[in-house]
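For reference, the structure is listed below as structure tokens.
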Amino acid sequence: MSSSPDAIAVVPVVMARSSAFDRERWLTGAAVLLVVLLLVVIVALPVGALVSQSFFDRAGAFVGLANFARYLDSPALVQSAFNSLGLAAISAVLCTAIAYVYAYVYAYVYAYVYAYALTLSCMPAKGLLRAVALVPLLAPSLLPAISLVYLFGNQGLFKGLMGDTSIYGPLGIVLGSVFWTLPHALLILTTAMATSDGRLYEAAQTLGASRWRIFRTVTLPASRYGLIVAAMVVFVLVITDFGVPKVVGGQTGVLATDIYKQVVGQQNFQMGAVVGLVLLIPAVLSFLVERRVRSKQASALSARATPYQPEPVKVRDRALLAFCVLTACAILVMIGMAVFASLATYWPYQLAPSFQNYDFSNMDGGGWGSYFNSLRLALCAAVAGALITFVSAYLVEKPRHFGLLRELLNLLANLPLAVPGLVLGVGYIFFFISPSNPLHGIYGGMTILVVCTVAHFFSVAHLTSFTALRQLDREYELVSESMGVPFWHTLWRVHLPVALPTVLNVGGYFFVNAMTTVSAVVFLYSPQTTLAAIAVLNMDDAGDVAPAAAMASLIMLTAAIGRGVFALAGHWALKRTQTWRNR
């Protein structure tokens with residue numbers, strides 16, 4: 001039986017497509033392996049180096065758990081651990097409570113306006129209040145601490161209100177921590193409360209339940225997952241923060257400052273590794289709890305749920321609005337105090353405004369060079385971070401082969417969520433300082449600062465890009481394969497244009513965090529690569545508090561401008577690449 005000429009002619013085409021498909025599959029596998037190796041180098045190995053160093057002494061001899069025994073025999077270090085846990089727990093409770101009320105008001109006003117389309121007196125303030133509450137995201141954690149010094153310090157405006165209580169200690173740490181972690185809790189709780197099921201409220205009202213009982217039995221249970229997640233996030237942020245306790249901690253020791261004292265002050269890297277491991281334990285436990293709660297939260301909203309459309313209650317609305325206004329005013333006072341102090345000629349004797357505190361060339365801490373180093377770091381981290389996280393998200397979501405390798409990539413991409421910046425920074429010292437490491441040459445330069453910053457904030461950006469790519473149906477890849485289109489053409493012509501607004505927003509995320517971060521890079525800079533946030537720390541240590549406030553204000557302004565530029569670019573990309581969404 002002979003084959004037809006047409007069938008014979010098809011064979012080379014099929015074989016060519018099969019060969020091209022195999023080549024693309026192995027290229028994809030090589031790309032996944034390359035990104036896995038990259039994350040192993042910038043995340044896993046530094047953390048592993050930190051863990052291993054805790055079992056060696058200064059001479060490099062293995063001592064087992066001797067370093068941990070020394071830690072437990074040091075009352076001051078153990079007390080620091082209890083201080084960190086207690087202050088973080090208090091800050092988490094306060095911040096979550098404030099953010100919950102704030103989110104409740106925002107969710108209520110949002111639902112009311114869109115349900116009834118009425119112009120309320122609080123309608124224009126809704127967006128403004130939320131924007132004010134998110135401003136601390138643009139400031140380094142050092143800024144609220146400096147503001148507290150000018151408000152309640154030894155020469156503060158309201159020092160008389162403090163009586164015998166000092167702002168330098170637990171009170172200052174809690175107040176400063178609540179200020180800069182409030183936006184994080186607010187974003188989580190606003191999202192959680194947006195999923196309220198209106199059917200539950202209608203049923204409760206039909207049964208004659210009071211408003212307080214509805215709040216207690218419907219609102220709180222519906223948002224309990226958001227409350228737990230917000231509390232865990234704030235807890236980790238506070239317990240791993242270095243800026244606030246360094247400025248207003250006084251004699252109150254915490255784990256974050258203990259690591260700094262051990263590594264920088266005493267050059268005791270092994271004990272610094274031990275303290276880092278102690279700091280890593282609550283962070284990992286909180287991460288596991290948060291992941292568990294988040295998985296439950298994903299299935300909390302029914303497909304048949306209806307949006308909650310509440311009715312206005314004047315007394316409640318006015319009380320909640322007053323609470324939000326007071327909270328927003330407190331935030332503006334903190335920010336305004338730092339800006340005012342930076343412009344005062346000589347605090348507190350000559351308050352006439354001038355720009356002499358912005359003459360950083362005559363100040364300790366790095367001068368204008370530190371600011372431009374931070375700007376360069378932020379731009380490099382924004383570009384590199386946005387591209388790498390997009391590629392990692394693509395390789396996890398879109399290919400259909402090498403499943404185990406892609407799962408490993410996803411695990412490594414989420415690992416930085418559980419690693420505090422201070423721990424990662426100490427790990428970078430142990431890993432990159434070794435002369436036997438081929439990458440030893442980047443230590444002390446700008447490259448290691450960029451790499452550490454990208455690694456520190458990698459997980460959130462990866463998850464953001466991953467979410468954007470999941471919106472695209474897998475049918476795009478199947479059609480491309482059937483037509484013999486290489487995967488990189490589909491990536492360039494389909495995936496990247498659709499996800500471009502998200503990529504630009506991720507770039508803005510890296511830019512802001514690179515400008516404001518302290519903990520991840522405080523151990524890694526050199527005299528030539530000092531950063532603006534580090535300069536704030538050094539100027540405060542040198543007693544130049546007003547110039548420190550000036551640099552912190554400049555960081556906040558730069559972060560705001562940079563975030564605005566990225567937001568405009570994202571808006572442009574949305575209009576340019578998402579026209580197909582409009583009918």
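Only the coordinates and a few stated rules stand behind these numbers; no lab work does. From a predicted model like this one, the values you see are computed outputs, not experimental measurements. Neighbour counts are summed over all protein chains in view; Cβ atoms, including those assigned to glycine, are modelled from backbone coordinates with ideal geometry.
Rounded to the nearest 0.05, the FRET efficiency derived from the C-beta distance between residue 356 and residue 561 at R0 = 22 Å is 0.40. Of the peptides 175-185, 254-264, the order by per-residue mean of other Cβ atoms within 10 Å, starting with the highest, comes out as 175-185, 254-264.
Where does the Debye-calculated log10 I(q)/I(0) of the range 329-389 sit at q = 0.16, 0.17, 0.26 Å⁻¹, using only Cα point scatterers of equal weight, no solvent? Ignoring solvent entirely, the Cα scatterers give -0.74, -0.78, -0.99. Can you grab the distance from the C-alpha centre of the range 57-99 to the C-alpha centre of the range 239-293, Å, no decimals? After rounding, the separation between the Cα centres reads 7 Å.
Each peptide among 511-520, 538-547 gets the average number of other Cβ atoms lying within 10 Å of its residues, and from highest to lowest they stand as 511-520, 538-547.
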